Amino acid sequence: MPDGLALDTALVVFQAGALARGLLSAMRLDAGDTVLITAAAGRVGSLLVQWAKAAGATVIGAASRAKLDAVTGFGADHAVDYDAAGWAEEVRELTFGRGATLDIQAIARRGLTLCGPLGMVIRKSDAEQQDDAEQALAAAGRGELRPRIHGRFPLDQAAGAHRELEERRSVGAVVLTI
Ligand SMILES: NC(=O)c1ccc[n+]([C@@H]2O[C@H](COP(=O)([O-])OP(=O)(O)OC[C@H]3O[C@@H](n4cnc5c(N)ncnc54)[C@H](OP(=O)(O)O)[C@@H]3O)[C@@H](O)[C@H]2O)c1
């Protein structure tokens, strides 16, 4: 654990940051890619935006309207409201008609297996998982990965934490404290 990293920040990065790093490396994200990240203001999505930008990609983040400023704040080049009609066309226009090079369809083209309508399974070895977690913690320690904590809820208010998530109010991670 890097010196000076707050415990709750480390907790978010340790899991969601490692997941984001593992996903992008499994997809073989390249600096020339234009990547579409959905739920870009969420716990994982916000870290995906930051990792993808750090890797040099052009990032389009999709989220609900109220969260678009947060998405650009995480570093996305463009933020689109995926509750609006025609948002897919907006993405196409932003990519000069080409579409994103890295989206859920492109994943299959890069040799990953889709399971279910929008699902994907990535199996990592323990060593890869440990490396992803260490890299994520180190990036947070250097200030390159900045997880946003939407709120901290004592365990006996877990229902309130769930409501934040279910009602789509959260930006970043919701943390339960003991
Ligand atoms: N397989 C794994 O290892 C693994 C690990 C962690 C997470 N995940 C998955 O990754 C996804 C993101 O996880 P997360 O922790 O980043 O979640 P999160 O912080 O709760 O973010 C989810 C986002 O989904 C969007 N959303 C769209 N429709 C929604 C609805 N009906 N109810 C609630 N939210 C809705 C919300 O943003 P808008 O309001 O902007 O739409 C929200 O920010 C989830 O599907 C989770 O299950 C998988």
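The values are calculated or read from the model by the stated rules, or taken from the named source; none is laboratory data. For clarity, every value in this text was computed on a predicted model and none was experimentally measured. Every residue, glycine among them, receives a Cβ derived from its backbone with ideal geometry; neighbour counts consider all protein chains shown. Keep in mind that these areas ignore ligands, DNA and RNA; they rest on the heavy atoms of the full protein, side chains included. Shrake-Rupley method; radii C 1.70, N 1.55, O 1.52, S 1.80 Å.
Here are some notes:
- Net charge of the neighbourhood of Ala6, taken over other residues with C-beta under 12 Å away and scored Lys/Arg +1, Asp/Glu -1, is 0.
- Percentage relative contact order, the chain, counting C-alpha pairs under 8 Å, at least six apart: 26
- Label separation (Arg28 vs Ala159): 5.0 nm, computed from points 7 Å beyond Cα along the C-beta direction.
- The chain - accessible surface per residue (Å², probe 1.4 Å): 56
- Portion, in percent, of the accessible area of the chain that falls on carbon or sulfur, probe 1.4 Å: 52
- Of Thr101, His150, Ser125, farthest towards positive along the dipole that unit charges on Lys, Arg, Asp, Glu beta carbons give the chain: Thr101
- Here the chain carries DSSP beta bridges of which approximately 10% are antiparallel, counting only pairs with both residues inside.
- Met1 paired with Ser125, simple spin-label distance in nm, labels 7 Å along Cα-to-beta-carbon: 2.8
- Local net charge near Phe74, Cβ-Cβ under 13 Å (Lys/Arg +1, Asp/Glu -1): +2
- Length gained on full extension, Arg146 to Glu89, computed as 0.36 nm times the residue gap minus the Cα-Cα distance: 17.4 nm.
- Inverse mean reciprocal Cα-Cα distance (Kirkwood Rh) of region 7-148, Å: 15.3
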